[in-house]
Amino acid sequence: MSSSSTSIMDNLFQRSLEDLIKGFRLQLLGESNFISRALEEIRREIKSTDLSTKSTALHKLSYLAALHGVDMSWAAFHAVEVVSSSRFQHKRIGYQAITQSFNDQTSVMLLITNQVRKDLNSANEYEVSLALECLSRIGTHDLARDLTPEVFTLLGSGKSFVKKKAIGVVLRVFEKYHDAVNVCFKRLVENLESSNPQILSAVVGVFCELATKDPQSCLPLAPEFYKVLVDSRNNWVLIKVLKIFAKLASIEPRLGKKVAEPICEHMRRTVAKSLVFECVRTVVSSLSDNEAAVKLAVAKIREFLVEDDPNLKYLGLNALSIVAPKHLWAVLENKEVIVKAMSDEDPNVKLEALHLLMEMVNEDNVSEISRILMNYALKSDPLFCNEIIFFVLSACSRNAYEIIVDFDWYVYLLGEMARIPHCQRGEEIEHQLIDIGMRVRDARPQLVRVSWALLIDPALLGNLFLHPILSAAAWVSGEYVEFSKNPYETVEALLQPRTGLLPPSIRAVYIHSAFKVLVFCLGSYFSSQETTSSSLAQESSSGSSSMNAFTHGSILNLVNVIERDLGPLSETHDVEVQERAKNVLGFIGMIKQEIAEKLNLQYNETESSRVTAFMEDVFSEEFGPVSATAQEKACVPDGLELKENLGDLEEICGEFLKPVESESVSYTDKISFSVSKLRIRDQQETSSSSSPPHEASSLLAEHRKRHGMYYLTSQKEDPDSNSTHSDYPLANELANEISQDPFNPKRKPNQSKPRPVVVKLDDGDESRITPQAKKNIQTAKDDESLSRAIQSALLVKNKGKEKDRYEGNPNSGQQEKEESSRIENHQNSENKKKKKKKKKNGESSKHKSQRRNEVASASEQVLIPDFLL
Amino acid sequence: MIHFVLLVSRQGKVRLTKWYSPYAQKERSKVIRELSGVILNRGPKLCNFVEWRGYKVVYKRYASLYFCMCIDQEDNELEVLEIIHHYVEILDRYFGSVCELDLIFNFHKAYYILDELLIAGELQESSKKTVARIISAQDQLVEVAKEEASSISNIIAQATK
């Protein structure tokens, strides 16, 4: 008695949702305080045995969860209780809470199966609707499996209100429980012929989603969809059907021809912009081979572009960028509109316009367009500015700098980009500077000039985003120091005190580059000494080397400067910088004594000249770009196990791995560097007569002795070293091999300056096919039956559900008959409809007979079964 | 499909959320914060579409409320704008020139209406009349039940006195 009376009191004095909302608006406690108070109240009320109190509490909780992000997963069980109420308003609240808060992990999910089933079978259509909505949102595998029979029944319901919801739910059920397809698919398909627009709309929506996920499986239904496309005047339905055809036409080109005409007709007829746009998008994305359709679509796009509505303008530009790759003329036709859109106030519109502009770029207008864009970049906000820079970078580097003729100009442009105040695209610019250095020999002098300007620019050092560019500049000026006007200044720039602002990894690049410059200076000094002493000619002041004429004093000065600047760095905490600095200092330590002492003496015998010559050797190895497919070109030799577990190797190599890691300069540098080192080692090992065995090589030999099992067999290496050579082409050799042809065929004859050679790697499809794949193709050609087996296996795999349906049905022959009769019916109805049908009918009957032949001699054709047209 | 529906006021207050794809509670709050930041800052004369995390968000402002729907890349933006407009018209018809306050106090009703309009992220009903009819029928159902309930509780309350 007392408990029931308290529950009644609770009920009478409980705050309703409206009270809660009102309270929320009047509260002075602060939002979070108010929420926690309300939650306290809810927690108490929700335990009540009275279902109205409980449901009101749950209702309030749903409100707080939906709008204020309160967690309500703890109330899952209470939601289940509320749903089980016999009253509609309680059920509604309960289902809403479940829909909102349940997910696959919710543990009480198991408890609702029976309740949902009961409600699905309810005589009250609104209860059925609640259960369906709930299932559409939270359906799990188990729920979908257990409730498939109910959903199947509802698909045949006489009430369209229930039927359309059941159709909507089917999507979720299929997704979670594939076997449901066997049960429900047929009923679903039948609804495609429904005369009720709501039902049709729902079912087409489901097929639209299915076709997006797996177009192959919907292909056999093309006749039904076609009928809808021709007959329907409901824009919602038409848009969905168009989407389906966009998917289907992309896998079945013949379908494109068939649907182009009705689509064009919709385009001409309708006034609804959404439908026009869907037609346009379908044409440009999937029917782009159909000239007439594309022309019409582009005309419609043009109408969109000149509208004042920003939505249409944006979508028009969007559609243009879809059509651009295949029909550039459509973009060029609208050039003025696009350039005008660059100054639109809407960033989305600007972005699309930018995209299109870059689409238009070719070798004739690249400098003009880039110039315009750079001006925009200077004026724009940081976000858009970087988009512009990114687009210019990617358009110009496309296909190994295909459209760039004047690399001096382009390198200069890259330098300019670094000076745009908002520039944050340092990494891409870094990559391109290095890439051009490696690929384009003729651009190197200009690269060095630009790098020099970047290195001495004090403004850049402070900008975090530009550090990668500086890293590239430093690398370039070290690597291609022979083009430098004044190596001293380069060294000074590389070692300036403000480099302390750089992160250690980049500082290490700076120091290493300074090392390269130093070695270069010493080398040319020694060699000039040599020539003067050997020729003994007084007039040996050859004009060409005037800029590289190093005097003893200047060299000594250089060495001192480097020693002075790097000295403090040998104490630094950063290992990378410290190592690099120590390297240089160690080198200087070896040579300095001799240089200081021996003024104007014969150097070619001394230790320092030998060391310098050795270092020059190390640095003179030229880096080439490495093809992404280079690895694939190397065959795996017999006896080499690549998949074996090499865990124990770590133990052995642990000590070697660490220093390699810290050695990274930039990734390209690292790779090629190690390659060249390996090469030196190889030489030393095979022809050990040339020089006394180096310490490293003896270590290597020892290592090989100890861990022989991890090396390749030496027999193979030694006798036929030629063949191994061809098996493992070095990166540079690859590059040389391919660099014969890269002159641009489209080069204009009246050009003042020829396009420099760009080393381009052969990344074509051919190279990507592995030998094994090639073999597969070969055998497939030989053996027809095998290919058919593979294709049918593919069909099973791709079609998945669809195939299941056919195979699950024992009387598939009958199915086929049904299908063909359906097609006939469809054609009859088409006959009645329009005059233009005559021709089409002939066409389709031809197709039909063709199809019959195929069925008769099914062994001949192996493509997708042609029930379509 | 439509992944979620958001109603956000000019001041950034959330008025309705409906999720058709799975999002955890934390993600939901994050999504709301992120999107309302983007959308509320867009000027009045810009287009109604925003690219967001590989999806598109279509939004439209009605008085002080922003109606936002998140859709897939290949969905039709104009169609979704029409769905939004459709929804607003139904709300308008139901409440009789709807305003933000109506939605604040009848938050659940806005939900029920949306549930009749969309299912599983797809449009299920394109007729305004039908939706209105269904909603009022359900309201009736609730009213009748309420009357009964209140009368019973009255009886009990009398009895326990």
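Worth pointing out:
- Complete set of residues in region A:355-372 that are under 22 Å from A:Glu427 (Cβ atoms) and within 22 Å of the chain's Cα centre (by Cα): A:His355, A:Met358
- Screening A:Asn103 on (1) under 19 Å from B:Ile135 (Cα atoms); (2) within 8 Å of chain B (Cβ to nearest Cβ); (3) polar (S, T, N, Q) shows it passes everything except condition (1).
- When A:Asn375, A:Asn386, A:Asn399 are checked against the criterion of being surrounded by fewer than 18 Cβ atoms within 10 Å (Cβ to Cβ), within 19 Å of the chain's Cα centre (by Cα) and not aliphatic (A, V, I, L, M), A:Asn399 stands alone in meeting it.
- Residue within region B:106-114 that is at pLDDT 90 or above, of a type outside the set (Ser, Thr, Tyr) and surrounded by fewer than 20 Cβ atoms within 10 Å (Cβ to Cβ) present: yes
- Every residue from region A:285-296 that is aliphatic (A, V, I, L, M) and either touching a residue at least 40 places away in the same chain (Cβ under 8 Å) or surrounded by fewer than 17 Cβ atoms within 10 Å (Cβ to Cβ) (or both): A:Ala292
- Against the list (1) within 9 Å of chain B (Cβ to nearest Cβ); (2) surrounded by 17 or more Cβ atoms within 10 Å (Cβ to Cβ), the condition A:Val162 fails is (1).
- When each of A:Asp364, A:Asp442 is tested for being outside any helix (DSSP H, G or I) and among the acidic types (Asp, Glu), the lone residue that passes is A:Asp364.
- Looking only at region B:51-98, and only at residues there that are within 18 Å of B:Ser136 (Cα to Cα) and over 14 Å from the mean Cα position of the chain (by Cα), the one that is surrounded by the most Cβ atoms within 10 Å (Cβ to Cβ): B:Arg93
- Picking from residues in region A:80-93 that are out of contact with any Ser or Thr (no Cβ under 7 Å at 6 or more places or on another chain) and either in contact (Cβ under 8 Å) with a residue 40 or more places away in the chain or assigned to a helix (DSSP H, G or I) (or both), the one that is farthest from the other protein chains (Cβ to nearest Cβ) is A:Val80.
- Which listed residue, of A:Lys326, A:Lys335, A:Lys350, is charged (D, E, K, R) and in contact with a Phe, Trp or Tyr (Cβ under 8 Å, 6 or more places away or on another chain): A:Lys350
- When residues of region B:106-129 are limited to those that are farther than 22 Å from A:Lys91 by Cα and free of Cβ contacts under 8 Å to residues at least 12 places away in the same chain, the one farthest from the other protein chains (Cβ to nearest Cβ): B:Lys129
- Filter pass, B:Leu16 being in a strand (DSSP E or B), touching a residue at least 12 places away in the same chain (Cβ under 8 Å), surrounded by fewer than 22 Cβ atoms within 10 Å (Cβ to Cβ) and within 13 Å of chain A (Cβ to nearest Cβ): yes
- The set of residues from region A:277-291 being more than 14 Å from chain B (Cβ to nearest Cβ), in contact with a helix residue (DSSP H, G or I) (Cβ under 9 Å, 6 or more places away or on another chain) and more than 11 Å from A:Ile263 (Cβ to Cβ) comprises A:Ser288, A:Asp289.
- Evaluation of B:Ser153 against the conditions (1) at pLDDT below 90; (2) under 27 Å from B:Arg10 (Cα atoms) shows that the sole unmet condition is (2).
- Residues satisfying the stated conditions in region B:62-106, i.e. hydroxyl-bearing (Ser, Thr, Tyr), touching a Ser or Thr at 6+ places or on another chain (Cβ under 9 Å) and closer than 15 Å to B:Ser9 by Cα: B:Ser64, B:Tyr66
- Annotation: of all residues in region B:26-50 being crowded, with 17+ Cβ neighbours inside 10 Å, of a type outside the set (D, E, K, R) and closer than 25 Å to A:Gly139 by Cα, the one that is farthest from the other protein chains (Cβ to nearest Cβ) is B:Val31.
- The one condition in (1) away from chain B (no Cβ under 14 Å); (2) assigned to a helix (DSSP H, G or I) that A:Pro325 fails to fulfil: (2)
- Of all the numbered requirements in (1) more than 14 Å from every other protein chain (Cβ to nearest Cβ); (2) over 26 Å from A:Met72 (Cβ atoms), B:Tyr66 misses one, and that requirement is (2).
- Checked against (1) surrounded by 18 or more Cβ atoms within 10 Å (Cβ to Cβ); (2) farther than 26 Å from B:Gln11 by Cβ; (3) over 40 Å from the mean Cα position of the chain (by Cα), A:Leu61 meets all criteria but (2).
The values are calculated or read from the model by the stated rules, or taken from the named source; none is laboratory data. What you see is a predicted model, and the numbers here were worked out from it, not measured in a lab. Positions of Cβ are backbone-derived with ideal geometry, glycine not excepted, and every protein chain shown enters the neighbour counts.
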